[in-house]
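Bear in mind these aren't lab numbers, they're just calculated from the coordinates by the rules spelled out. Small disclaimer: the values here were computed from a predicted structure and weren't measured. Don't worry about glycine lacking a Cβ; one is built from the backbone with ideal geometry, like all the others, and counts go over all protein chains shown.
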Amino acid sequence: MSLASTGSGDSDRPPPAKDYTNYSMRQHALDMLLALDALEISFCHLATHSTGGIIAARMLLQQPQRFGRVLALDPVTPLGLAFNDEQIGLFRAMMTSQNITRAVMATAASSLFVPESLAPNAMPQFRAGLGEIQPFFERILTQTFGVSEGVWIGTPFNLNLERESHELARRMMDIRHPHLVIWGEKDAWIPHADLAAMIAAMPDCRLVTVPGVGHSMNLRRHSTPDILEPGLADCRREKAELQPPNDHRCRRISLLVPSLMNIQPVKLTAAPPLIALLRLSSSRNRQSARSSLAKAGARGSSVGRDQECCS
């Protein structure tokens, strides 16, 4: 099951506060927890990508009893990320220029492009033989311009605050949920040192490095099944031990906490009747969330593509 974060997908796009507090990692985590309340899901596993990693960390610390195992692809760690004024200015430039956005997004999926075309001032060129992945990337690029300013600017702004505060970094040892972290060795966005610090601090966290791919290995899903399968098998194998008794609603549910810029439709898989895409409402109350669920449920799996969040 995947939830579209506030500011992206079909979710509401409230104007950002002056200090972007309504697009903070804390607020995104609260939105996810309220959505689970509305869905009456008392327990689930988590699968995350990029900024979904730090959002999930806040969810795990706030309601640890609610979650089981965590599968994290190229996660932003609880340390946050550092962005200077020039880098945040680049995000502002991306908001209005498809060429700049293409060049930056190409660095997140470098294995899809001719290496020489990723040089400064060059236009990224796709490698030959990518098949359906190339139009999929183009669709993501187009849809990126639908996210709100709160996502474009609020994300680096708030990740920088997380880095400076050290709040979550000091609490990593309290995150005891089993973690499998999968990191692409060409990922230039997530420092390996941050992952090493996370693995050293958290009681049950292991790292698998995938050769030849970068930050967006989810775009290369056909080339990495052998790497992903062991972690997914672990989730399935230990699921029975992690389920709280007599709770039929959680028996086959995993929640995808995606990157805030990762807004492509996802085919949803969950135990019936929870096959739906939930739109997060800025009113942030259960009645609104249930209404959104009803609307999404009417659409059912027709909103999806052939990408699945395994449960």
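Observations
- Peptides 99-105, 114-120, 24-30 ordered by average Cβ neighbours within 10 Å, highest first: 24-30, 99-105, 114-120
- Packing-based ranking of 204-211, 126-133, 31-38, 149-156 yields 149-156, 31-38, 204-211, 126-133, ordered from highest to lowest mean Cβ neighbour count within 10 Å.
- For segment 110-124 and segment 35-78, distance of Cα centres in Å: 34 Å
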